[in-house]
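Novice: Here it is: the structure, laid out below.
The values are calculated or read from the model by the stated rules, or taken from the named source; none is laboratory data. These numbers come from a predicted model, not from an experiment. Here the Cβ is made from the backbone with ideal geometry for all residues, glycine too, and neighbour counts use every protein chain on show. Only protein heavy atoms, including side chains, enter the accessible area calculation; ligands, DNA and RNA are left aside. Shrake-Rupley method; radii C 1.70, N 1.55, O 1.52, S 1.80 Å.
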Amino acid sequence: MLLDTPLTIFGGSRLSGEFKAQPSKNAALPIIVASLLSKEPVVLHGIPRLADIYTILELMTGLGTKYRWLGPNTLEMHTPELTSTVAPYALVSKMRASFILMGALLSRAGHAEVSMPGGCAFGQRPVDQHIKAFRAMGADVDEEGGNFIASRTDTFSGSYVFEILTVGGTQNAILAAVLGEGTVILDNASIDTDVVDMVRFLNSLGADIQGVGTNTIVINGVKELRGGEYTVIPDRIEASTMLIAAVATRSQLTVTNVIPGHLRAVTAKLTEMGAHILELDHNTLMIDARHGELRPVNLTTTEFPGFPTDVQPQMSALLATIPGTSIVMDKVYPERLTHVVELRRMGANIEVPEHTQVIQGKKLHGAPVRAADIRAGAALVIAAMAAEGKSVIDGVRFLNRGYERLTERLQGIGVHIEQNQHLVATAMD
C-alpha cells in the first residue's frame, strides 16, 4: 500500500550502513511500453513498485496487455493482440512518460490516439520534437481537443535531426520505427542511459537498432519481435539522492546496485565539495563526509552525461547546508524551482534571479513543508535529515512516484522517521 500521509523526520542523525538503490523507474517505464511491440510474453526483472509503474500498467491493460508479478520486482507482460489504440486523458495526464505509447502503438497497429501528457508541475515540456519526428518518418499527425491522433499508411522511413536533445522524443521515434521494412535515421538523438537501456531491450527481442549510445541511431525495421527476458538498470537518480543525503548529514554510507559510470557527474561534484568517494566494486560506492569542511560549489544541469536535472533539487538542498555561496543553474528545466520556497521555510537562504539559484549555506531547522513534485520531495527529505528539529513533509504521493518503500528503507540506514502516526524507524547512531 502506498501511504499518502505526511512524513515526520527528526533531523540530526547520521546515516550509516548500506543502502541498495532500487531499479530505475525512468528506464523501466519505456521498457514496459516497448513490450507492446511483441506478441509473445516478456519477463522483466528490476521493475520498482511505484505509483508511476502502476499508472503505465493500467494504461496498457486498457490496450490489451495482460501482466502479472512473478516476484517483488519481476513482471511478466503479454500483449497477444491490441484491443484499443487509444490512451485516455485520465491516465496520460498523470505522467509525461506515457506519451511514448504513441510510438509503440504506431509501430504495432499503425494508429494511435494519445492525450497531451501530464506529470510534474514545473514549466512547460512540449512534445513538438516527438510530433516532428513522426511526420519526418511518414506519419500523419493531427491534434483535436488536446488529443494527438496519428496514423501511417506505409512503413516508416526517412531521417530526422532533433532540434534539441530529448530523451522521450528519441524513445518515441525509435519505438515507432521498430516494426516495418523501412530504415529510419535519427540524428542529435539522446545518449541518455534510459534510451540505451530501452534499445538494448528491444535488440534482445530481435529489433535491429544500430548506434546505441551515440547521437546517430539507425533503426532497420523488422517484421516482428520475439519474447524474452531482461533486467532493467539500477536507478541513478535514487543512488544520487542517497549519496547527496549522506553528504548533507555528514555521514558515511555504502550504496549498492549502482553503475558508477552513470553517476560520474554527481560523484565528481560531491568530490569537489570535499566528500570522499570510493568505488568498492563494479556496483558499489562508499561515500564519507564525516571529516573536514565541505565547500560550496557551482553547478549547471545538462543532458547526460552532464549533471542531471532530476538531481538538481536534491543538490540544492545539500548546498543550502554548506556555508558560502553556491550557484545552481538548470538548463534542462529552468523553472524546476518548486523546492525553493519550501526550503526557505526551513531557513534556507536561496535567491532566484532569472531562474538561477544563489544559495548562501547555513544551518537549517525543521518546519512543515509540502512537496510539489517527485524530486522536490526528495530535496525536502534530505533537508529534513540535515536540519535541527522536526519536519513534517506533505505531498508524499509525489515521493511514491519515484521512491519505493522510502520510509522502510530509510529506517535501515538510521533515519528517525514516522508516518501515519506510527513510528517506523528510530535513530540508529
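Novice: Scan segment 324-353 residue by residue and report those that are under 14 Å from ALA383 (Cβ atoms) and of a type in the set (A, V, I, L, M). Walk me through how you get there before you give the answer.
Specialist: Initial filter on segment 324-353 (under 14 Å from ALA383 (Cβ atoms)): 338-350.
Residues satisfying the conditions are VAL340, VAL341, LEU343, MET346, ALA348, ILE350.
Novice: Right, another one. Looking only at strands (runs of 3 or more DSSP E) that fall completely inside segment 201-311, which ones have 3 or more residues that are open to solvent by 30 Å² or more (accessible area, probe 1.4 Å)? So that I can check it myself, show each step before the final result.
Specialist: On the way: elements: 208-210, 216-220, 228-231, 252-256, 276-281, 284-288, 298-301.
Answer list for segment 201-311: 216-220, 228-231, 276-281.
Novice: On the given criteria, is PHE122 over 18 Å from ALA104 (Cβ atoms), modelled with pLDDT of 95 or more, surrounded by fewer than 22 Cβ atoms within 10 Å (Cβ to Cβ) and among the aromatic types (Phe, Trp, Tyr)? Spell out how you get there, then give the answer.
Specialist: Values: over 18 Å from ALA104 (Cβ atoms): yes; modelled with pLDDT of 95 or more: no; surrounded by fewer than 22 Cβ atoms within 10 Å (Cβ to Cβ): yes; among the aromatic types (Phe, Trp, Tyr): yes.
Criteria not met by PHE122.
Novice: Same structure, new question: Answer yes or no as to whether VAL358 is farther than 21 Å from THR5 by Cα, of a type in the set (A, V, I, L, M, F, W, C) and at pLDDT 95 or above.
Specialist: Numbers: farther than 21 Å from THR5 by Cα: yes; of a type in the set (A, V, I, L, M, F, W, C): yes; at pLDDT 95 or above: yes.
The answer is yes for VAL358.
Novice: Go through segment 61-76 and give me each residue that's touching a residue at least 40 places away in the same chain (Cβ under 8 Å), in contact with a Leu (Cβ under 8 Å, 6 or more places away or on another chain) and within 26 Å of LEU399 (Cβ to Cβ).
Specialist: Hit for segment 61-76 is LEU75, nothing else.
Novice: Within segment 312-347, restricting attention to residues that are of a type in the set (Val, Ile, Thr) and surrounded by 19 or more Cβ atoms within 10 Å (Cβ to Cβ), which residue is nearest to VAL195 (Cα to Cα)?
Specialist: Within segment 312-347, the first condition is being of a type in the set (Val, Ile, Thr), and the residues that meet it are 321-322, 325, 327-328, 332, 338, 340-341.
With the extra rule that they be surrounded by 19 or more Cβ atoms within 10 Å (Cβ to Cβ), the set shrinks to 321-322, 328, 332, 338, 340.
Working: THR321: 34, ILE322: 35, VAL328: 26, VAL332: 17, THR338: 27, VAL340: 30 Å.
Here the residue is VAL332.
Novice: Name the single residue, out of those in segment 80-119 being buried (at least 23 other Cβ atoms within 10 Å of the Cβ) and farther than 17 Å from ALA139 by Cβ, that is modelled with the lowest pLDDT. I'd like the intermediate steps shown before the answer.
Specialist: Kept after step one, since they are buried (at least 23 other Cβ atoms within 10 Å of the Cβ), are these residues of segment 80-119: 87, 92, 97-108, 112, 114, 117.
Okay, now just the ones that are also farther than 17 Å from ALA139 by Cβ, so 92, 97-98, 117.
Working: VAL92: 81, ALA97: 74, SER98: 84, PRO117: 70.
It comes out as PRO117.
Novice: Report, by residue number, each residue of segment 129-143 that is touching a strand residue (DSSP E or B) at 6+ places or on another chain (Cβ under 8 Å) and not aromatic (Phe, Trp, Tyr). Show your work before the answer.
Specialist: From segment 129-143, those touching a strand residue (DSSP E or B) at 6+ places or on another chain (Cβ under 8 Å) are 131-143; that's our starting set.
If the condition is that a residue be touching a strand residue (DSSP E or B) at 6+ places or on another chain (Cβ under 8 Å) and not aromatic (Phe, Trp, Tyr), then ILE131, LYS132, ALA133, ARG135, ALA136, MET137, GLY138, ALA139, ASP140, VAL141, ASP142, GLU143 are the ones that fit.
Novice: Tell me yes or no: at least one residue of segment 12-20 is within 28 Å of ILE382 (Cβ to Cβ), open to solvent by less than 50 Å² (accessible area, probe 1.4 Å), modelled with pLDDT of 95 or more and in contact with a helix residue (DSSP H, G or I) (Cβ under 6 Å, 6 or more places away or on another chain).
Specialist: yes
Novice: Consider PRO48 carefully, then state whether it is in a loop (DSSP other than H, G, I, E, B), under 15 Å from the mean Cα position of the chain (by Cα) and not β-branched (Val, Ile, Thr). If you could, list the steps in order and put the result at the bottom.
Specialist: On the way: in a loop (DSSP other than H, G, I, E, B): yes; under 15 Å from the mean Cα position of the chain (by Cα): yes; not β-branched (Val, Ile, Thr): yes.
Yes; evaluated as a whole, the condition is true for this residue.
Novice: Among the residues that make up segment 230-252, is at least one of them at positive phi and modelled with pLDDT of 95 or more? Full working, then the answer.
Specialist: Residues of segment 230-252 at positive phi: 250.
Filter again for modelled with pLDDT of 95 or more, leaving 250.
Checked against the condition, which is being at positive phi and modelled with pLDDT of 95 or more, segment 230-252 yields at least one hit.
Novice: List the pairs whose first member sits in segment 222-234 and is over 11 Å from ASP197 (Cα atoms), whose second member is among the acidic types (Asp, Glu) and part of a strand (DSSP E or B), and whose Cβ atoms are under 6 Å apart, counting only residues at least 6 apart or on separate chains?
Specialist: VAL222/ASP208
Novice: Follow-up question, since we're still on this one. For segment 18-27, state whether one or more residues are within 15 Å of the chain's Cα centre (by Cα), within 23 Å of ALA90 (Cβ to Cβ) and either assigned to a helix (DSSP H, G or I) or of a type outside the set (Asp, Glu) (or both). Outline the logic, then answer.
Specialist: Taking segment 18-27 and keeping what is within 15 Å of the chain's Cα centre (by Cα), we get 21-27.
Okay, now just the ones that are also within 23 Å of ALA90 (Cβ to Cβ), so 25-26.
Add one more test, that the residue is either assigned to a helix (DSSP H, G or I) or of a type outside the set (Asp, Glu) (or both), and what stays is 25-26.
Yes, segment 18-27 contains a residue that is within 15 Å of the chain's Cα centre (by Cα), within 23 Å of ALA90 (Cβ to Cβ) and either assigned to a helix (DSSP H, G or I) or of a type outside the set (Asp, Glu) (or both).
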